[in-house]
1. In nm, to one decimal, how far is the modelled label at Gln161 from the one at His85, with both set 7 Å along Cα→Cβ?
2. Springs between alpha-carbon atoms under 10 Å, Gaussian network over the chain: tell me which of His233, His318, His85 tops the mean-square fluctuations.
3. Show the residues, 5+ positions off or on another chain, whose built amide H is closer than 5 Å to the amide H of Gly38.
4. Write down the percent of antiparallel bridges among all DSSP beta bridges whose residues are both part of the chain, to the nearest 5.
5. Given the options Gln59, Gln68, Gln110, which has the most mean-square fluctuation in a GNM of the chain, springs set between C-alpha atoms less than 10 angstrom apart?
6. Within region 309-365, what whole-number % of the accessible surface is contributed by carbon and sulfur, with the 1.4 Å probe and all protein chains included in the calculation?
7. In terms of the Cα gyration tensor, with a ≥ b ≥ c the square roots of its eigenvalues, is region 252-365 rounded because a/c is under 1.5, prolate because a/b exceeds b/c, or oblate?
8. For region 157-248, give the percent of accessible area contributed by carbon and sulfur heavy atoms, probe 1.4 Å, rounded to a whole number.
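The values are calculated or read from the model by the stated rules, or taken from the named source; none is laboratory data. A quick note: this is a predicted structure, and the numbers were derived from the prediction, not measured. Every residue, glycine among them, receives a Cβ derived from its backbone with ideal geometry; neighbour counts consider all protein chains shown. Each accessible area value is taken on the protein alone, full model and side chains, heavy atoms only, with ligands, DNA and RNA left out. Shrake-Rupley method; radii C 1.70, N 1.55, O 1.52, S 1.80 Å.
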Amino acid sequence: MLMHVKSVVRLFVACLLMTLTSSAGPVSINRYPPASNGYRDILTVGNQVWGLTSSGAIQIIALDQPNQVDNSRHLVADAFSKDTHNNVILLKGTKVSVLPNGEDVGKREQEINRTAAHSAFGILSDRQGNLFTITTAGIGAASSGKVYFPKKSPNSQINLQSTWGKPAAYFIDSADRIWVGFGYGEWGGNVFVFDTQEKQFLAPDFGEFRIELNPIKSIFEANSTVYLTCGLHHFTASGCIVGFTNLQARFLLQSEAARDSADGKFFVKSGEYIGPGAFNASNQCLYFYSQNGIFRGPAQSDLSRLANWEKVVQPKLHWTNGQRDAVGSPMNVLKIAFTADNTLVFLSQNDGIGLFDGRALRMID
């Protein structure tokens, strides 16, 4: 009986994978030799793409030579980011290196407090150059070492004690507020907002947005509005994009599974399994990825209907099964960014880094 149940579960998960992959059409792809260890984060610096590997090495890809991965500078990091002055910030242990425009010329180095560096997933800088770390125990002030942890979870299903685990996304906005988002599968998500000037957590107004149902996939800003993208694959797929203006939430796009029928047969039509999003300041468009491709829409237009979004590319990527907190596939695209010349860059879970220049898609393994 147990073997029969396991077989049914495997068959069901395989069907879920088919619902995600069947709609993904082919696109022109040029594939290059793999870089070592795979990538866990990306950063765009001018017309370069910096890839942080699982071993901590940084591989630099120049768009004019995408088949050559440069690691001659021997850069390493536990985490990296870019500030508003286009400085690249590298964190390795307690050592922070600040590279103006990503160059070694003018590089500044400093040691940060060991407590703030412990178990750090990310590092961010405010407009004044003050550094903050994202750790398992909260948000760390790099100079003092004090770690700030929220007293309450917006998601009532999640009981926080002294740690919050690894976030799905983190971001510092133009008002120097740090946003940290989490995904818990069928138990939804969480988002915390920290005021770096007042050194306190803020309470955003979620309105009709139910954090208990929406795992966070990415956080970004467009014209003073901070956006969260959310997606869930649990038996079926759904997703949404929510904008926060003055810490008040409003839905930009909602996509739910729907009951439908064809030829008299009842079936459930999947929604968009929304992954990461981004804002391109050059064309003033918002972007998001789902199982059906990468979409964009003008930030100032009505984007409440999927029909108002334009599909720009439909990469054929691999999906894997198995999530610890939901019955379905984990999101297979983790981040979207843009280079100075507007090349769209995305980090996939299974297929490396994608580069789309508006004509052809190139994958860097």
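1. Label-label distance for Gln161 and His85, simple model: 4.2 nm.
2. Sorting by GNM fluctuation, first place goes to His85.
3. Ser54
4. Looking only at bridges with both residues in the chain, the antiparallel portion is about 95 percent.
5. Fluctuation is largest for Gln110.
6. Looking at region 309-365 in its full context, I get 43 percent from C and S.
7. In terms of gyration-tensor shape, oblate.
8. Carbon plus sulfur share of accessible area: 44 percent.
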